[in-house]
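The values are calculated or read from the model by the stated rules, or taken from the named source; none is laboratory data. Since we're looking at a predicted model, the values are computed, not measured. Using ideal geometry, Cβ is built from the backbone for each residue, glycine included, and neighbour counts are taken over all protein chains shown. These area figures cover heavy atoms from the full protein model, side chains too; ligands, DNA and RNA do not enter into them. Shrake-Rupley method; radii C 1.70, N 1.55, O 1.52, S 1.80 Å.
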Amino acid sequence: MHLALWFFHRNPTMPQRAVAGMGLLLTGMVLSCVVHAQTYVKIDRQGQPHWASHPTGSGYHLTPIGSIKPPASGAAAEARRDRPLTQRQALIGAQTVRPLVERISQRYGMDPALVLALIDIESSFNPRAVSPKGARGLMQLMPDTARAYGMRDPRELHVPEKNLDFGIRHLKDLLQAHNNNWALTLAAYNAGRNAVLRHGMRIPAYSETLIYVPSVLARVDLHRVRPSQPD
């Protein structure tokens, strides 16, 4: 799927008919994957993909998302994420923080399934996680970001309730800034709000971000319904 997306990016002058053909090819490639969730995608005349959680205009088509893992960059990232979680392991991890996520999400009017999906990809539900760049805790917040929401000590980012309060408020602010478009919100969470602005309110053409956005969206349905205790 991502090879096709990069082809679009590398060929911005493709005729619209050729782009449409490549869009069908992209759809066929995605349909051949193991499907876990769906989102909407629109391919514009320049071949730029626009992801969205719901149709935000004409030309959006419902598209299945395959099982995609974020790229790990070096030993530090591997140490942070450990081994990739299976869906069953992810549900077990989610159970430990779900009540807290649901309570704080309700406080700020956020969808807990989106928050859980983001935590799943960001930290694998490890409150002690630290990224190579210094992002911390469940929602992998940078201290500079958390200070805007009242953090006084970076150690607070390893306290689940504090991390979730700062992170969910930050996610809500991004959601409001991007007209409730989940895809652009997640792109801003991963790459920064300014990166989305510089790319014309589109998902930045960064390999990590192009993988990150559908990866989180693909996990939302997994965390949508409170599961019974896994066997």
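Details
- Computed on segment 107-194, with alpha-carbon pairs under 8 angstrom and 6+ residues apart, the relative contact order is 20 percent.
- Entry comment: accessible area of segment 120-207 is 45 Å² per residue, from protein heavy atoms only and a probe of 1.4 Å.
- Heavy-atom accessible surface of segment 97-224: percent carbon and sulfur, 1.4 Å: 46 percent
- 3J(HN,Hα) along segment 163-177: 4, 5, 4, 5, x, 5, 5, 5, 5, 5, 4, 5, 4, 5, 5 Hz, from the Karplus curve 6.51 cos²θ - 1.76 cosθ + 1.60 with θ = phi - 60°, whole Hz, x for Gly and Pro.
- Each part reduced to its alpha carbon centroid, segment 159-205 and segment 103-132 end up 13 Å apart.
- Within segment 109-134, backbone nitrogen closer than 17 Å to the virtual label 7 Å beyond the Cα of Asp144 toward Cβ: 131-134
- Dipole magnitude (debye, nearest 20) for segment 121-164, charges at Cβ of Lys, Arg, Asp, Glu: 100 debye
- Most to least accessible of Met142, Met151 (protein chains only, probe 1.4 Å): Met142, Met151
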